[in-house]
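For reference, the structure is listed below as structure tokens.
The values are calculated or read from the model by the stated rules, or taken from the named source; none is laboratory data. Keep in mind it's a predicted model, so treat the numbers as computed, not measured. Every residue, glycine as well, gets a Cβ built from its backbone with ideal geometry; the counts of neighbours run over all protein chains shown.
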């Protein structure tokens, strides 16, 4: 039995950058992910926590961010660090974030964070498609 077609097809799936956005389900089951997802270019920032001129620190990370949580349909996020390092967990995968490597939060995907440094400073920015109506998204523990 010639398996070359299956190997080629599997290789194409693994290297298809468009697959990154569909590689997870809302149940956060462990599914192959090649890299951090990308924020779609048409998204517009509508909110940030904490507010401007403030940030979360090693000494103050809301409990809601430390346990698994998710955003609603259509809501994306960016975890943006000013200083330090933060562990970003998506299901069973972990990424180390820093000022050069932000974390992208996909809608409906369970995730959590953990501080990795004393000098940590970060914010979470929220994005949606433009003109999708008012945002009513309570944030537990923030």
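Kindly evaluate residue 104 against the criterion of being in contact with a strand residue (DSSP E or B) (Cβ under 7 Å, 6 or more places away or on another chain), in contact (Cβ under 8 Å) with a residue 24 or more places away in the chain and in a loop (DSSP other than H, G, I, E, B).
Numbers: in contact with a strand residue (DSSP E or B) (Cβ under 7 Å, 6 or more places away or on another chain): yes; in contact (Cβ under 8 Å) with a residue 24 or more places away in the chain: yes; in a loop (DSSP other than H, G, I, E, B): no.
Here the answer is no, as residue 104 does not meet what is asked.
Determine if region 21-35 includes at least one residue that is modelled with pLDDT of 55 or more, within 18 Å of residue 125 (Cβ to Cβ) and either surrounded by fewer than 16 Cβ atoms within 10 Å (Cβ to Cβ) or touching a strand residue (DSSP E or B) at 6+ places or on another chain (Cβ under 9 Å) (or both).
no
Among the residues of region 92-101, what is the count of those that are more than 11 Å from the chain's Cα centre (by Cα) and touching a residue at least 40 places away in the same chain (Cβ under 8 Å)?
3
What number of residues within region 114-133 are over 17 Å from residue 104 (Cα atoms) and either buried (at least 18 other Cβ atoms within 10 Å of the Cβ) or modelled with pLDDT of 95 or more (or both)?
5
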